[in-house]
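Down below is the structure, laid out as structure tokens.
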Amino acid sequence: MAIMLKRMTLIIPNLIGVIIVTFLLTRALPGDPAAYFAGPAATKESVEQIRKSLGLDKPLIVQFGSYVSELARGNLGNSLTTGKPVLTEIKNRLPASAELTLFGLILSIVIAVPLGILAAVKQGSWIDHTCRIVATAGVSLPVFFTGLLLVYVFYYILGWSPAPLGRLDVFASPPTQITGFYLIDSLLTGNWSAFRSSLNQLLLPGLTLCIFSLAPIARMTRASMLTVLASEFIRTARASGLDSRTVIITYAFRNAMLPVVTTLGMVFSFLLGANVLVEKVFAWPGIGSYAVEALISSDFAPVQGFVLTMAILYVALNLLIDLLYGVIDPRVRLEA
Amino acid sequence: MKRRDFLKSAGAVAATAAVSAPSVIDTAKAQSRQETMLIVSESGPNNLDIHGVGTNVPGYEVSWNCYDRLISHEMKTGPSGQAYYDKDKFKPELAEDMNVGDMSATFKLKKKATFQDGTPVTAKDVKWSLDRAVSVGGFPTFQMGAGSLTKPEQFVVVDDHTFRVDFARKDRLTIPDLAVIVPCIINSELVKKNATEKDPWGLEYTKQNTAGSGAYKVSSWVAGTEVILERNDAWVGGPLPKTKKIIWRMVPSAGNRRALLERGDADISYELPNKDFVELKSAGKLNIVSTPFSNGIQYLGMNVKNAPFDNPKVRQAVAYAVPYQKIIDAVLYGLGQPMYGKAPGAATQVAWPQPHQYNTDIEKAKKLLAEAGYPNGFETTLSFDLGFATINEPTAVLIQESLGQIGIKTTINKIPGSNFRTELNKKVLPLYLNVFSGWLDYPEYFFIWCYHGKNSIFNTMSYQSKDMDAFIDGAVTAAASGDKATYEKDVKGFVDLAFADMPRVPLFQPYSNVAMQKNVSGYQYWFHRRLDYRALVKA
């Protein structure tokens, strides 16, 4: 607990830094939001009118002051492109992105970790080569390409997959909101048709993210397993006649998990950012496509809100991973 | 139950559920599918009210279908057999009768008309709505002004169901301007209830809610994702629409929009690349309707205030160097109306857009450039809006190549969508690609904005000519007084002058393309080029 508090205090300067930098960066972007939102038929006066109503005519420091004071009250401002408060939008969209990312990540773990272990145990065998090929191919294909390819094959040609139209079938209604994760919500409420529909919709985008993230996880598992398998306590375990299953799973894998978990944290955070393109391809109503849209139209508030949310997520994730270390390997102490 | 057994049975349940959907749901789905239109497009509205600050074009589509105007247009048959709005024929929408006098027009409102919350539509609502349109500033006020509708005093409540518009001056655009999207009639009491001191016109409320008497109402809107509209069964503005529900989904990837259409999942889509439309058309599985933009032209603009484009000979040389046909073939895949190559000696039409007399003729261009004093050409930049890169980028490259042949070396300057307008409005870009299209389809309307010396923001070239202003002003006056002979003379005058001086080179008239399933009918082309849901039918 004390450790957590200590870590929390370290987070604050980080966040202040993020707030200042994003504020300055968004203002430094080319493009004039007032002119953009005044529309094609705007006169000079109406552009100025809009500039004034957006508060963009004031000096930067005043704008920053009002931004921070609004932020302190939990108000992230209004998006001009979607016309809705940024906080509500992020609240509605974050679960969509998080569900997709987690789904992709879990899928990836389920495939990559056993693959990595097998590759390490049977080093140089055909499994090892498969692992290498799959990982290399996955990481070298850009996500939007994999996404479009999957849509083309499984939706357009084979017709197995539903239309790539977001989280649910167009004619299905969303489950009662509890966590915002459709899979969990529909299970909790026993809404099978929504569960089926959202699972079907998740499969292709989840697979796209999975293919992309296989490489780091599989390679890291393999490398770290190899190191552990070569160490003396494994040799001792083997020499003592333990069956190889126990040796690999109980002794080797547990010790090899530490770097894998670190990698997982990294993969998760970059997936959250990288699924912008996947969201575009699958019309996924997530946070990434929201931020990109806002960036294109120099809509400051959502961009700032997005970066801030990501920063908080990232920090929280790091904290979680640090805590996990202690669980996996009690020798790790956080004071360091 | 043991853990393993539980997992097994859960897996079995999931598997059966995935394989066989209960048939009850299927029939219900099929039925609702029949009465629902699924529309997919790249982007969605940012505001449900066209009077709002910075409402984008998809927002116009919502306004058009959810609000009524006093009057609207009749339909006629368009260039390729599609239904096409008739700019000269008006039909009543909320009004049941229109009486146009010399300096005013009187409207009788339909007595049965009610807003979607059940309150009757009165002349007071009409006045409040039009007052709002001329007062909120920005685009709506500008558009009202285009029809000489500028002051609240022009809108008079005669009695509960009678309403009068007083003309500020004689202007033949006043009545057509009452049939565009902006002068929509809003439920004034409902909006006033939700207005605040800071926001007297209730723009915040109408941004999120529709408060009209129109054929549809927005029942749910998730910005950037979908808009769901339900039919208003009490609509009196016209025959009750056949489609009960519209689901409008935003699908950013053009490839997926096409796949959705081809698989039969989506009913209608527009905003596909021209190449896709051409391929879909030749595949023949879908209905593709292509209509030239009314009163719209994609052009190559030149800044005439600064050298070298201040010299008309240089501009003519550019006009002779543009590879017009190549652009239409390679960039538009034929989906564009040529705006070049009028036969020599052919008479100028009293119409706009119309082709100019220039052809791609490199020798002539070189000669003109030499006469202008640039025998070795010069260097300049060619700018375009990245937001429309599918058309703009290849067009720019073709023009760059062609201008290179006469010695004009161009650097291509790609400007992001959010910044293009800012740059264009500064009026300093030497050479650029842009589109202009006017809602009101009258030649003088186009010329007032694009060529008149009062230098509106659409006169992106900063073109100034006393003769041009005289022709345009003359045509406006003649149109208002019905002097046909003078009008025709002046229109021919300004068209000829625009082609002689060539401050901007018309490249082509773009097409508005819509793809729909074979069982969908009732598509109508409107000046705003968005969909009118009210006529759409699914067989």
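Please treat every number below as a calculation from the coordinates, not as lab data. A quick note: this is a predicted structure, and the numbers were derived from the prediction, not measured. Using ideal geometry, Cβ is built from the backbone for each residue, glycine included, and neighbour counts are taken over all protein chains shown.
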Say the dipole of segment A:86-335 comes from +1 at the beta carbon of Lys and Arg and -1 at that of Asp and Glu; which of A:TRP284, A:ALA223, A:VAL134 then lies farthest toward its positive end?
A:ALA223
Name the lysines eligible as straight-distance cross-link partners of B:LYS426: C-alpha to C-alpha under 28 Å, and not fewer than 8 places from it in the same chain.
A:LYS44, A:LYS52, A:LYS58, B:LYS305, B:LYS313, B:LYS409, B:LYS414, B:LYS454, B:LYS466
Eligible aspartates and glutamates near B:LYS275 by straight Cα distance, threshold 19 Å, same-chain separation 8 or greater
B:GLU42, B:GLU262, B:ASP329, B:GLU393
Indicate the gyration tensor shape class of chain B (rounded, prolate or oblate), computed on the Cα atoms with a ≥ b ≥ c the square roots of the eigenvalues: a/c under 1.5 is rounded; otherwise a/b larger than b/c is prolate and the rest oblate.
oblate
Assuming R0 = 60 Å, can you tell me the calculated FRET efficiency for the pair B:VAL350 and B:LYS112, based on Cβ-Cβ distance, to the nearest 0.05?
0.90
Please get the size of the charge dipole for segment B:36-91, origin at its Cα centre, with Cβ charges of +1 on Lys and Arg and -1 on Asp and Glu, quoted in debye to the nearest 20.
200 debye
How far apart, in nm, are two points set 7 Å out from the Cα along the Cα-to-Cβ line at B:VAL537 and at A:SER173?
3.1 nm
Mind giving me the nanometre distance, one decimal, between the label points for B:VAL100 and A:LEU60, set 7 Å out from Cα along Cα→Cβ?
5.5 nm
For the pair A:LEU323 and B:THR381, how long in nm is the line joining their label points, each one 7 Å along Cα→Cβ?
5.2 nm
Burial ordering of B:ASP473, B:ASP49, B:ASP532, fewest other beta-carbon atoms within 10 Å first:
B:ASP473, B:ASP532, B:ASP49
Quick one: compute the contact order of chain B, relative version, from alpha carbon pairs under 8 angstrom and 6+ residues apart, as a percent.
18 percent
Degrees between helix A:44-53 axis and first principal axis of chain A (Cα, 0 to 90, nearest 10):
60 degrees
Selection from B:ALA317, B:GLY264, B:ASN47 lying farthest towards where the dipole of the protein assembly as shown points positive, charges on Cβ
B:GLY264
Check each of the trypsin sites (Lys or Arg not before Pro) in segment A:48-88 and keep only those in coil by DSSP with at most 10 other C-beta atoms within 10 angstrom; list them in order.
A:ARG73
What ranking do B:MET98, A:MET220 get, fewest neighbouring Cβ atoms within 10 angstrom at the top?
B:MET98, A:MET220
Just to confirm the number: angle between the C-alpha axis of helix B:3-19 and the first principal axis of chain B, 0 to 90 degrees, nearest 10?
60 degrees
Placing unit charges on C-beta atoms (Lys and Arg positive, Asp and Glu negative, everything else neutral), compute the dipole magnitude of the protein assembly as shown about its Cα centre in debye, rounded to 20.
2120 debye
To make sure I understand, if each residue's beta carbon is the centre and we count other beta carbons within 10 Å, what order do A:THR227, B:THR348 fall in, fewest to most?
A:THR227, B:THR348
Within segment B:155-207, DSSP-loop GluC sites (Glu not before Pro) with at most 13 other C-beta atoms within 10 Å are B:GLU197
Folded to 0 to 90 degrees: helix A:60-72 orientation relative to chain A principal axis, Cα:
60 degrees
Gain in span if fully extended, A:TRP126 to A:LEU141, counting 0.36 nm per residue against the direct Cα distance:
3.2 nm
Give me the percent relative contact order of segment A:86-335, please, defined on Cα pairs under 8 angstrom at least 6 residues apart.
28 percent
I'd like the antiparallel share, as a percent to the nearest 5, of DSSP beta bridges with both residues in chain B.
75 percent
Partner lysines for A:LYS122 [C-alpha distance under 23 Å; skip if fewer than 8 residues away on the same chain]:
none
Among trypsin sites (Lys or Arg not before Pro) in segment A:264-336, those in a DSSP loop whose Cβ has at most 15 other Cβ atoms within 10 Å are A:ARG331, A:ARG333
FRET efficiency, B:ASP233 to A:ARG254 (Cβ-Cβ, R0 51 Å, nearest 0.05)
0.20
